[in-house]
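Below is one structure; the comments refer to it alone.
Just so you know, all these numbers are worked out from the coordinates, no wet-lab data involved. Everything numeric in this text was worked out from a predicted model, so none of it was measured. With ideal geometry, Cβ positions are generated from the backbone for all residues, glycine too; neighbour counts draw on all protein chains shown.
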Ligand code: PTJ
């Protein structure tokens, strides 16, 4: 399994991704709604020229700095993320010391187990989230049930997320980093750092940035995170997409 989707033409890359997702659906990793969510993401990606723009790269760097400067960083993984970038998640976890917790919107224990096994097969040493010990206050969905790492985390990285949990996690005082191709989504607007990029490019980019930033002191990392202006970055992203 390669870390990156092939470096070929964007069209080929997007077909590779679709293949990973439909395969993931057949293996019982991806929810049926996950296929629809991906279609929505593809539309935005076309408008971005299926490449990482300057604003996304800026957010990816800030995200890597936030994970590296955190005391208890966590990467929250759903079905789509697991199917598309399992190896990338393993490398990101290693590069940032972030724990990986499975957390599903359309939760079934069997799908959680399958996702955990798939992540392990792709290099993740330990997967959390199979036992749910805590409940995020003020959240009605299954996503409210979390394991110790997410409960204790100070920085949480989320992918393809619903706005409700982003808000609830923020209310708990955690810093939220999110990857979402829709800059207008509630999640994108509520997060502290929003990466408007395809997860297949965003995860490898964060791995590269985290490796580059290794050895940088925590004070400097914190300054980098503080200097990042999410609202401004999102406005620029929106303008870019509207211009096409
Ligand atoms: O695996 P589960 O049960 O946790 O379910 C996961 C899904 C994705 C089904 C669930 O979280 C969901 O319904 O998400 P939403 O509310 O549809 O949000 C998905 C967001 O992710 C949308 O704003 C899409 O534009 C965006 N998106 C889709 N594909 C990608 C993406 N963002 C980055 N990379 C993608 N490949």
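How do 172, 224 line up, fewest other C-beta atoms within 10 Å first?
172, 224
Using a basic spin-label model with each label point 7 Å from the Cα along Cα→Cβ, how many nm lie between residue 125 and residue 208?
For the pair residue 125/residue 208, the computed spacing is 2.6 nm.
Under a crude label model (7 Å from the Cα following the beta-carbon direction), how far is residue 226 from residue 71 in nanometres?
Roughly 1.8 nm, to one decimal.
Cα-based Rg of segment 90-219 per 2.2 N^0.38 Å, rounded to two decimals?
Segment 90-219 yields a ratio of 1.05.
So, R0 is 22 Å and r is the distance between the beta-carbons of residue 113 and residue 134; what FRET efficiency does that work out to, to 0.05? Don't jump to the answer; show the numbers that get you there.
Working: r = 20 Å, r/R0 = 0.90.
Efficiency at R0 = 22 Å is approximately 0.65.
Run lengths n ≥ 4 of DSSP H only: what is the helix-derived mean residue ellipticity at 222 nm for the chain, with -39500 (n - 2.57) per run over all residues, to the nearest 500?
One gets -17000 deg cm²/dmol as the mean residue ellipticity at 222 nm.
What's the Kirkwood radius of the chain in Å, using all Cα pairs?
After inverting the mean inverse Cα-Cα distance, the result is 17.7 Å.
Could you give the length gained on full extension between residue 142 and residue 167, defined as 0.36 nm per residue of separation minus the Cα-Cα distance, in nm?
Answer, rounded to one decimal: 7.5 nm.
In terms of the ratio Rg/(2.2 N^0.38 Å) built on C-alpha atoms, what value belongs to segment 2-114?
1.12
Would you mind telling me the antiparallel percentage of the DSSP bridges in the chain, rounded to 5?
Details: 2 of 19 bridges.
Antiparallel bridges: around 10 percent, rounded to the nearest 5.
Extending each Cα 7 Å along its Cβ direction at residue 50 and residue 11, get the distance between those two points in nm, one decimal.
0.8 nm
Counting just the Cα atoms, what span does segment 56-132 cover along each of its three principal axes? Round to the nearest Å and put the largest first.
37, 24, 23
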